[in-house]
Amino acid sequence: MADAYDVVIVGAGIIGLTIARHFLISSDLSVAIIGKEFPCSGSTGAGQGYLWMIYKTPGGAIWDLSQRSHQLWKMLAHSIEEEGLDPMVELGWKKCGSLLIGRTEEESDMLKGWVKQLCEAGLKAEYLSSNELIRKEPDLLVDKYSAAAFLPDDCQLDARRTVAYIEKTNRNFAAKGRYTEFYNDPVKRFIRSDINGEVKAVQTSNNTIYSKKAVIVAAGCWTGSLMQDLFRNWEMDLHVPVKPRKGHLLVLENFNSLKLNHGLMEAAYLKHSTISGIESSDPEQNLSVSMTANVDAAGNLQLGSSREFVGFNTDLDESVVSQIWKRAGEFFPKLKTLSLPDLSAIRKVRTGLRPYMPDEKPVIGSVPGLSNVFLAAGHEGCGLSMVSSHLAVILNFYA
């Protein structure tokens with residue numbers, strides 16, 4: 001078995017890569033990672049890169065995972081500094097602070113309670129009145145009912161830089177025979193042992209990769225269909241209800257017409273309200289667009305975000321991009337003076353599929369009936385901010 005590793009990871013997004021990193025630096029196990037494409041081809045590369053706690057519900061389903069993950073990212077940034085490197089260069093890391101913006105009297109009242117919850121959960125949070133808010137963000141449209149929850153310690157990173165850094169770390173173990181990447185190599189099937197029924201190998205389009213100890217499936221929104229297909233072949237039943245939730249992100253490169261001092265998100269983001277007039281007969285397919293805005297490490301303005309269920313379709317939809325631009329203009333008057341078609345030379349649009357779970361909790365842990373197979377998927381749009389969730393998989397593995 002030339003291609004044999006202790007741990008085989010299916011999925012080369014941020015979850016799969018960080019699981020590999022943890023095994024490599026924290027144990028003597030060998031690791032293979034399989035990706036149907038190259039890293040950042042999917043949801044990891046399509047996101048805004050924010051690591052914000054501002055919109056996470058204290059005590060909610062993902063609160064502990066998110067909080068732990070934020071601590072780990074900050075520890076990584078600090079360790080990079082101790083090596084004499086710049087986290088901004090290596091990870092696109094910056095402490096941006098975040099603002100959750102309310103524009104109605106009802107939203108402003110809600111934000112007061114929201115700030116209280118965040119403070120009680122141990123975060124540094126502030127309530128900003130309209131006068132305080134305009135001082136923080138002069139280009140933001142602010143009226144008498146405007147207010148915000150402010151988390152000064154929230155951070156963000158650049159997914160592409162971060163993935164490149166993690167890959168570089170992982171590849172340091174390749175010369176020791178402990179790490180190999182099988183990219184652009186989709187999984188075709190799992191091979192089970194005739195002796196104990198455990199999965200002994202993963203067969204891809206080009207390779208057969210054997211596992212000595214464990215197989216971890218971190219294939220994002222493809223996890224459910226992948227596991228269903230595999231189990232159907234074995235006449236077993238496993239339903240993993242993760243499914244794709246499409247998003248568009250509008251990026252304006254080196255955009256200097258709008259100045260942002262923090263990451264911003266409208267309070268309506270918490271509800272993902274459907275856009276009037278773009279409703280589907282299927283409620284789950286209804287398009288929602290909420291204003292999110294930040295500036296990345298390269299100085300690009302990133303505007304989002306949309307959410308819709310359209311299967312695995314990742315085609316760019318200009319009507320959705322127009323809705324994102326229109327919504328951003330309702331918060332930033334300077335954008336209303338500009339025509340989006342006139343910005344085509346600096347405009348890019350990213351589309352991706354968030355791995356959505358109906359109960360909003362990622363599915364993590366061992367697979368019933370297969371003692372050496374584990375799942376780590378269903379993080380929706382929070383994969384970057386919940387990378388610590390892989391620790392549950394590792395703990396289960398060693399239990």
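The values are calculated or read from the model by the stated rules, or taken from the named source; none is laboratory data. Since this is a predicted model, take the numbers as computed values, not measurements. Note that each Cβ is placed from the backbone with ideal geometry, even for glycine, and that neighbours are counted across all protein chains shown. Side chains are part of the model used for accessible areas, which takes the heavy atoms of the whole protein and leaves out ligands, DNA and RNA. Shrake-Rupley method; radii C 1.70, N 1.55, O 1.52, S 1.80 Å.
Quick one: angle between helix 105-120 and the longest Cα principal axis of the chain, in degrees between 0 and 90, rounded to 10, please.
Around 50 degrees separate the two axes.
Suppose we look only past 23 Å in the calculated P(r) of region 1-127. What percent of the Cα-Cα pairs does that tail hold?
Of all Cα-Cα pairs in region 1-127, 51 percent lie more than 23 Å apart.
Could you tell me which of the pairs K94/K136; K212/K361; K74/K243; K94/K213 are separated by over 27 angstrom between their Cα atoms in the structure shown?
K212/K361; K74/K243; K94/K213
Could you sort 228-234, 14-20 so that the peptide with the highest average Cβ count within 10 Å comes first and the rest follow in order?
14-20, 228-234
What ³J(HN,Hα) values, in whole Hz, does the Karplus curve 6.51 cos²θ - 1.76 cosθ + 1.60 give for region 167-181 when θ = phi - 60°, with x put for Gly and Pro?
Ordered by residue, 3J(HN,Hα) equals 4, 4, 5, 4, 5, 4, 8, 5, 5, 8, x, 9, 8, 9, 9 Hz.
Give me the percent of the accessible area of the chain that comes from carbon and sulfur atoms, probe 1.4 Å, all protein chains in place.
That fraction is 47 percent.
Taking the Cβ of M291 as the centre, find all other residues whose Cβ is under 12 Å away and add up their charges (Lys, Arg: +1; Asp, Glu: -1).
+1
State in Å² the accessible area per residue of the chain; use a 1.4 Å probe, count heavy atoms of protein chains only, and round to the nearest integer.
Using a 1.4 Å probe on heavy atoms only, each residue of the chain averages 44 Å².
Give the lysines whose C-alpha is closer than 20 Å to that of K336, dropping any in the same chain fewer than 8 places away, or say none.
K336 reaches K259, K326, K348.
Assuming 1.306 mPa s and 10 °C, estimate D for the chain with Stokes-Einstein, Rh taken as the Kirkwood radius over Cα pairs, in µm²/s. Intermediate values should be presented prior to the final figure.
Numbers: Rh = 22.1 Å.
For the chosen part, D equals 72 µm²/s.
Please list, in chain and number order, the residues 5+ apart from H248 or on another chain whose amide H is under 5 Å from its amide H, with Hs placed from the backbone.
S306
Which peptide among 104-116, 317-329, 44-56, 86-98 comes first, and what is the full order, when sorted by highest mean count of other Cβ atoms within 10 Å?
44-56, 86-98, 317-329, 104-116
If I fit a long axis through the Cα atoms of helix 14-26 and take the longest principal axis of the Cα atoms of the chain, what angle between them do I get, 0 to 90°, rounded to 10?
60 degrees
Using amide H atoms built in the peptide plane, which far-off residues or other-chain residues are under 5 Å from S211 H to H?
Y5, A201, V202
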